[in-house]
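All remarks here apply to the structure that follows.
The values are calculated or read from the model by the stated rules, or taken from the named source; none is laboratory data. Everything quoted here is computed from the prediction, not taken from an experiment. Note that we place each Cβ from the backbone using ideal geometry, even for glycine, and neighbour counts take in every protein chain shown.
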Amino acid sequence: VFNSSLKYVSVFDLWQILKANFFATTIFVLFVVFLHGIIGFPRSIFILDWGICLGLTGGVRLVARVFRERVGFSKQKKTKRVLIIGAGEAGILVLRECRRNPHINLNIIGFIDDSPAKRNLRIHGVKVLGTRKDIPFIVEKYQVEEIIIAIPSAKGEVIRDIISCCQIPEVKIKIVPSLHKIISGELEIKLREVRPEDLLGRETVKIDEKEVSSYIKGKCVLITGAGGSIGSELTRQVASFLPSQLILLDYNENDVYFLSVELRQRYPQVSFKEIIGDVKDISLLKHIFSKFRPQIVFHSAAFKHVPLMETNPSSAVKNNIISTRNLIYASEHYGVESFVFISTDKAVNPTSIMGATKRIAEMLLQAKAKRSRTKFMAVRFGNVLGSKGSVVPLFKKQIEEGGPVTVTHPEAERYFMSVKEAVELVLQASAMGKGGEVFILDMGQPIKILDLAKDLITLSGLKPYTDIPIEFIGLRAGEKLSEELFLNIEKDKATRHNKIYIAQPDEFNPSLLRQKIKELERLSNLMAEDKIIEKIKEILPHYNNSFR
């Protein structure tokens, strides 16, 4: 009892005080009974003794805490008026943290909770003022300056709905960290702005770290496109599993340089080799494979911008198909154990050159896997939130410039996942792979691009349409309204990981495929764009380029 801090007295301390006083009163009773007997001794004295001792030991601590919280709070020159969304454990923890640390300068004026049972309840003296639909009215009535979302388990659609209810200029929105971080006591440090990935609301991915470590540790790993969004995160996560050597191949020297500096500081025990060059350079590939003998290859280098590839089909063929073919041949020739190709949902029933070239690259891997000791596999997923050149950085830039924010179509929707989650699942799928698989990552539900734009505007403290206009520019060449994860003729097969599936491949003639790819290579060297399109249609009868 006396070792507890007056500063942080809590219900637990009260329970300890109750037990200590009960024990002391029991000793007192026994002492009186055995020494003086109970006759002639007022029995009420025992109750009075227990009550007085409890009042003194517990009351002093309670007064000290109340004095500290109230006086400390009143000394603050200016506090922000804050509304907490979520009157559960996380919300209560935020309230307690604010009261224990007055220097945070947050004045909690109320809770928001959708549970009817909590309406008008008071939690530690703070009232539950209404539901999320009441937020605009409550913000105006109580002059709220900041909103804290304290629902760590909330799904993406709940977070997005809350954001849509908070479209109030000059009101900042923050969010508490995930539940495991709250439990570990990192709340004050990690309370932060709402990030785009919070809008996804996806559960934390759990991978078999032992299996992935066994797959990577002590091996030589080559990553192409190492400086890109996927490639750089792949490099970071692969490095964390301590390969013997990590080869970073990319043509962008600045990206590779800064990534290398970061990794060498974090993982001094790993040997890094930075190679600046083009993945299409056959002589460079031969040099890398003959000198370093990589055991695992992650091929993430690709041209990915749909509109640009529509006007540059020759470049798309060379970079996405021919370079992949050359890497496949080099990997087999030099005895690579595992080759992992990073694919895209745009390869499914493609309407774009970019998607078609990625699907043909998938087919190359599937054809080679049938007669090779190397485990060739592909991992297919949708958009990575916040990657270079993607919609989120574009929207943020447009918002910073005052708009307009440009959206292709009001009904356009895409699958999204964070780069960290995507790479974790890529590593898990790669470790499970036997060769020949096209793995599909569970992307959750697609999100409307328009909703994402409105949410990002709101998170910037502005109001959609009023402060920042939104313009519809129409679908660009090669773009779809919505993406798919499986071909019409493919069937999905579950794996032992609940977020990873396998697409059952369609049948095709491998030798005919190789022959047509040679013709594609010749046509791309001649820059014969119309004939390239015709040849792609021969390879992929389901390719629909009507949007070109």
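Set side by side, the residues Gly335, Gly355 differ, and just one is at positive phi and not aromatic (Phe, Trp, Tyr), which is Gly335.
Here's a check for you: in the stretch 345-368, which residue that is among the small types (Gly, Ala, Ser) and buried (at least 24 other Cβ atoms within 10 Å of the Cβ) is nearest to Tyr334 (Cα to Cα)? Here the answer is Ala361. Close contacts from the stretch 244-267, counting a first residue that is over 23 Å from Val336 (Cα atoms) and in the same structural domain as His287 (by TED's automatic domain parsing) and a second that is among the aliphatic types (A, V, I, L, M) and assigned to a helix (DSSP H, G or I), with Cβ to Cβ under 6 Å and a gap of 6+ residues or different chains, come to Leu263/Ala239; Tyr267/Ala239. Is it true that Ser482 is hydroxyl-bearing (Ser, Thr, Tyr) and modelled with pLDDT of 90 or more? When the stated conditions are applied, Ser482 does not pass them.
Do we find a residue being out of contact with any Phe, Trp or Tyr (no Cβ under 7 Å at 6 or more places or on another chain), at pLDDT 90 or above, surrounded by fewer than 23 Cβ atoms within 10 Å (Cβ to Cβ) and part of a loop (DSSP other than H, G, I, E, B) anywhere in the stretch 375-398? Checked the stretch 375-398: no residue is out of contact with any Phe, Trp or Tyr (no Cβ under 7 Å at 6 or more places or on another chain), at pLDDT 90 or above, surrounded by fewer than 23 Cβ atoms within 10 Å (Cβ to Cβ) and part of a loop (DSSP other than H, G, I, E, B).
If you filter the stretch 427-447 down to residues that are under 19 Å from the mean Cα position of the chain (by Cα) and within 23 Å of Ser482 (Cα to Cα), you find that the one that is surrounded by the most Cβ atoms within 10 Å (Cβ to Cβ) is Ile440. Scanning the stretch 102-143 for residues that are surrounded by 12 or more Cβ atoms within 10 Å (Cβ to Cβ), in a loop (DSSP other than H, G, I, E, B) and in contact with a helix residue (DSSP H, G or I) (Cβ under 7 Å, 6 or more places away or on another chain) returns a single hit, Asp114.
No other residue among Arg99, Arg160, Arg70 is modelled with pLDDT under 75, in a helix (DSSP H, G or I) and surrounded by 12 or more Cβ atoms within 10 Å (Cβ to Cβ) apart from Arg70. Residues that are among the acidic types (Asp, Glu), surrounded by fewer than 18 Cβ atoms within 10 Å (Cβ to Cβ) and not assigned by TED's automatic domain parsing to the domain that holds Leu234 do occur in the stretch 406-416, at least one of them.
Out of curiosity, is Ile276 among the hydrophobic types (A, V, I, L, M, F, W, C) and surrounded by fewer than 18 Cβ atoms within 10 Å (Cβ to Cβ)? Write out each step before concluding.
Numbers: among the hydrophobic types (A, V, I, L, M, F, W, C): yes; surrounded by fewer than 18 Cβ atoms within 10 Å (Cβ to Cβ): yes.
Taking the combined requirement at face value, the residue satisfies it.
Could you list, in sequence order, the residues of the stretch 147-157 that are aliphatic (A, V, I, L, M) and either under 17 Å from Ile109 (Cβ atoms) or surrounded by fewer than 19 Cβ atoms within 10 Å (Cβ to Cβ) (or both)?
Ile147, Ile148, Ile149, Ala150 - these are the residues of the stretch 147-157 that are aliphatic (A, V, I, L, M) and either under 17 Å from Ile109 (Cβ atoms) or surrounded by fewer than 19 Cβ atoms within 10 Å (Cβ to Cβ) (or both).
Taking the listed residues Leu285, Leu308, the one that is modelled with pLDDT under 95 and assigned to a helix (DSSP H, G or I) is Leu308, with no other qualifying. Taken together, the criteria exclude Ser338 from residues that are surrounded by fewer than 24 Cβ atoms within 10 Å (Cβ to Cβ) and under 18 Å from Asn525 (Cα atoms). The strands (runs of 3 or more DSSP E) found entirely in the stretch 437-548 that carry 2 or more residues being hydrophobic (A, V, I, L, M, F, W, C) are 438-441, 470-472, 500-503. Restricted to the stretch 246-282, and to residues that are part of a loop (DSSP other than H, G, I, E, B) and of a type in the set (S, T, N, Q), which residue is farthest from the chain's Cα centre (by Cα)? Top of the filtered list is Gln269.
Would you be able to say whether some residue in the stretch 205-216 is surrounded by fewer than 19 Cβ atoms within 10 Å (Cβ to Cβ), among the hydroxyl-bearing types (Ser, Thr, Tyr) and modelled with pLDDT under 70? So far as the stretch 205-216 goes, no, none of its residues is surrounded by fewer than 19 Cβ atoms within 10 Å (Cβ to Cβ), among the hydroxyl-bearing types (Ser, Thr, Tyr) and modelled with pLDDT under 70.
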